[in-house]
1. Once you list every other residue whose beta carbon is under 15 Å from the beta carbon of Arg208, what net charge do they have if Lys and Arg are +1 and Asp and Glu are -1?
2. Can you count the Lys pairs in the chain whose Cα atoms are under 27 Å apart, with each pair 8 or more apart or on different chains?
3. With +1 on each Lys and Arg Cβ and -1 on each Asp and Glu Cβ, and nothing else charged, work out how big the dipole of the chain is about its Cα centre, in Debye to the nearest 20.
4. In debye, nearest 20: dipole of region 1-108 around its Cα centre with unit charges on the Cβ of K, R (+) and D, E (-)?
5. About its Cα centre, what dipole magnitude does region 135-230 give when the only charges are +1 on Lys and Arg Cβ and -1 on Asp and Glu Cβ, stated in debye to the nearest 20?
6. Here are a few candidate values for semi-axes √(5λ) of the Cα gyration tensor in Å: (1) 34, 19, 14; (2) 44, 24, 14; (3) 53, 18, 14. Which one was actually calculated from the structure I just gave you?
7. What does a probe at Glu176 reach in region 129-163, counting residues whose amide N is under 13 Å from the point 7 Å along Cα→Cβ?
8. Evaluate E = 1/(1 + (r/R0)^6) for Arg115 and Arg62, where r is the Cβ-Cβ distance and R0 equals 35 Å; express this FRET efficiency to the nearest 0.05.
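The values are calculated or read from the model by the stated rules, or taken from the named source; none is laboratory data. Note that the structure is predicted; figures quoted are calculated from it, not measured. Using ideal geometry, Cβ is built from the backbone for each residue, glycine included, and neighbour counts are taken over all protein chains shown. Only protein heavy atoms, including side chains, enter the accessible area calculation; ligands, DNA and RNA are left aside. Shrake-Rupley method; radii C 1.70, N 1.55, O 1.52, S 1.80 Å.
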Amino acid sequence: MSRSERLLDLIQTMRRYRRPVSGKVLAEETGISIRTLYRDIATLQAQGAHIEGEPGLGYILRPGFMLPPLMFTEEEIEALVLGSRWVAKQPDNRLSTAARDALNKIAAVLPDDLRESVDASALLVGPSESATTDGIDLASVRKAIRSERKLDITYRDSNGSQSSRLIWPFALGFFEKVRVIVAWCELRQDFRHFRTDRLSRLEPTDIRYPRRRQVLLKEWRDTQGIAQPS
């Protein structure tokens, strides 16, 4: 196990504890000596980890510590690169730009050896089949989801019939050819899925919907038989 992986393992172990845990327990769980543990804790504290405690009293990791880039494994870097490249090909211009910018920021602060692995990554995103064209601004949809605001839309169903809806958007699904808004529909009084290419009008509102987005998402997953993400 590399030093970076060992430090990551220690952080992940400490996050499981809400109360101070002894160095002996931490050393046993991470499979290192107590001397190495003390040295690793000192290293993490120097990197900004809010670890409180001392030998004999136990240690606790306070919330808010973000792992430094050196903690990424090569496979984690590959996952980030692949995911960013896929998002960069999406029709949501702001999101695709953000993906490219995020990848550039990550690469800029990586150690030299890992930075090279970003540029030389062998995991590529191939060209997709022709995707549908959205007539709306997907950034407006994402903003409404984040702020839990209703959207006023005009939607055309698969038969070509149009209807005006007031919806509570709480998720946006990206598929190979289409994007789908997952929402509570006030007209149908039920969960509905709206393909973004079938929206001829979308107007954001300042009306906050009365239930939390996380609650709606959980209830929708239950109705669809979708397991909660691990």
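1. Summing Lys and Arg as +1 and Asp and Glu as -1 gives +3.
2. Lysine pairs, 8 or more places apart or on different chains, close enough: 9.
3. Here the size comes out at about 980 debye.
4. 260
5. Around 180 debye, computed over region 135-230.
6. From the options (1) 34, 19, 14; (2) 44, 24, 14; (3) 53, 18, 14, the structure gives (2).
7. Correct set: 129-132.
8. Calculated value: 0.70.
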